[in-house]
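*Asks:* Handing you this structure, nothing more for now.
Readers should treat all values here as calculations from the given coordinates under stated rules, not as data from a laboratory. Since we're looking at a predicted model, the values are computed, not measured. Methodologically, a virtual Cβ is constructed for each residue, glycine included, from the backbone with ideal geometry; neighbour enumeration extends over all protein chains shown.
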Amino acid sequence: MKPGSVFVLTARSGDDLRALQEELSGSEAGKAGLRAVCVVTDLGQKEGPESIVKAAVEASTEEIDHIILINNAASLGDISRFTKDFTTMADVDSYLSFNFSSCLCLTAGILQKFPQRPGLKRTVVNVSSKCAVQPCSSWVLYCSGKAARHMMFKVLAQEEPDLRVLNYSPGPMDTAMLEEGRLRTGDPSLKKFISDMYLEEKVLTCEESCAKMMKLLLEDNYTSGDHIDVFEV
């Protein structure tokens, strides 16, 4: 990161955000001028995307030459039930509001505030999943949300030729989300598959997957809108 670069970090947990902010401030990049701005908000609420866009605008300067938006916020939803069990629209609407609608509105808000201009490179990353292109029994909400986002960003790449759009599938990572999948998945075969990944040590660390994503972004030779899996890098 160049000196003077700014990270706008967002999450619902203020304590975790501030801990990351302190870690970045104490790093070599932080000592060289990297700044971290924290936005504690819930992307499932209307004010969520708006507050992030506002913070990004306030943190930017006229000298900005590259803006990168990484859409990582997501949830599994209820993975203990199957498609035929979802008869309450409110449950589905709530899930899609957080996992799809907020992503679309945040991305649109950033693109409006940072329009195309000479000297400004714009990159948008969708942290995707193999579930965006492959069905998983009892994960109907998650697969549907990821598939919708996958197509949304492919459309965006077609609409905005100057944008660099990447659908990045980070693979199975050692996170609370995957642990939730191991414990709560309704489909027995999928549940066993996830457990076996842990036993066979096929689960990646976040650092391993992030390094692959950064490699893609730095080399910048992918086709905009492509869906690229971590194991393809």
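*Asks:* Multiply the residue separation of Met173 and Asp226 by 0.36 nm, subtract the distance between their alpha-carbon atoms, and state the gained length in nm to one decimal.
*Replies:* 17.0 nm
*Asks:* For Leu183 paired with Lys31, estimate the spin-label separation in nm (one decimal), with each label point 7 Å from Cα along the Cα-to-Cβ line.
*Replies:* Inter-label distance under the simple model: 3.9 nm.
*Asks:* Using +1 on the beta carbon of Lys and Arg, -1 on that of Asp and Glu, and nothing else charged, what's the dipole of the chain about the Cα centre, debye to 20?
*Replies:* Working: 25 positive and 33 negative charges, 73 e Å.
Value, rounded to 20: 360 debye.
*Asks:* Starting from one equal scatterer on each C-alpha and no solvent at all, send me the Debye-based log10 I(q)/I(0) for region 95-194 at q = 0.14 Å⁻¹, two decimals.
*Replies:* The calculated log intensity ratios at q = 0.14 Å⁻¹ are -0.61.
*Asks:* While we're on this one: Using the Kirkwood formula over every pair of different C-alpha atoms, what hydrodynamic radius in Å results for the chain?
*Replies:* Values: mean 1/r = 0.0528 Å⁻¹.
Result for the chain stands at 18.9 Å.
*Asks:* Another question about this same structure. Using a Gaussian network for the chain with springs between C-alpha atoms less than 10 Å apart, which of these wobbles most: Leu24, Leu43, Leu76?
*Replies:* Of Leu24, Leu43, Leu76, the Gaussian network model singles out Leu24 as fluctuating most.
*Asks:* Here is a follow-up. Pop a pseudo-label 7 angstrom from the Cα along the beta-carbon direction at both Thr123 and Cys206 and give the gap in nm to one decimal.
*Replies:* Computed distance between label sites Thr123 and Cys206 equals 1.9 nm.
*Asks:* Right, here's the next one. If a/c stays under 1.5 just call it rounded; otherwise compare a/b with b/c (prolate if a/b is bigger, oblate if not). Do that for region 14-60, with a ≥ b ≥ c from the square roots of the Cα gyration tensor eigenvalues.
*Replies:* Here region 14-60 falls in the oblate category.
*Asks:* Give, in nm to one decimal, the length gained when the segment between Gln112 and Lys215 is fully stretched (0.36 nm per residue of separation minus the Cα-Cα distance).
*Replies:* That works out to 34.3 nm of additional length.
*Asks:* Could you tell me the center-to-center distance, by alpha carbons, between region 26-43 and region 176-233 in angstrom?
*Replies:* When both Cα centres are located, 25 Å separates them.
*Asks:* For the chain, set up a Gaussian network in which alpha carbons nearer than 10 Å are linked by springs, and say which option among Thr107, Thr61, Thr88 fluctuates the most.
*Replies:* Residue with maximal mean-square fluctuation among Thr107, Thr61, Thr88: Thr88.
*Asks:* By how many nm would the segment from Leu199 to Arg12 lengthen if fully extended, with 0.36 nm per residue of separation less the alpha-carbon distance? Please list the in-between numbers first.
*Replies:* On the way: separation 187, 0.36 × 187 = 67.32 nm, distance 3.14 nm.
Here the segment from Leu199 to Arg12 would lengthen by 64.2 nm.
*Asks:* Let me ask something additional. If I model a spin label as a point 7 Å beyond the Cα along the Cα-Cβ vector, how far apart are those points for Gln134 and Asp93 in nm?
*Replies:* 3.5
*Asks:* Filter the cross-link list Lys46/Lys192; Lys113/Lys215; Lys84/Lys192; Lys46/Lys146 down to pairs whose alpha-carbon distance in this structure exceeds 30 Å.
*Replies:* Details: Lys46/Lys192 38 Å; Lys113/Lys215 27 Å; Lys84/Lys192 22 Å; Lys46/Lys146 20 Å.
Violating the 30 Å Cα-Cα cut-off are Lys46/Lys192.
*Asks:* Towards the positive end of the charge dipole of region 159-208, with charges on Cβ (+1 Lys, Arg; -1 Asp, Glu), say which of Tyr198, Thr175, Val165 has the farthest Cα.
*Replies:* Tyr198
*Asks:* Using only alpha carbons, build the gyration tensor for region 64-113 and give me the equivalent ellipsoid semi-axes, biggest first, whole Å.
*Replies:* Its equivalent ellipsoid spans semi-axes of 31, 12, 5 Å.
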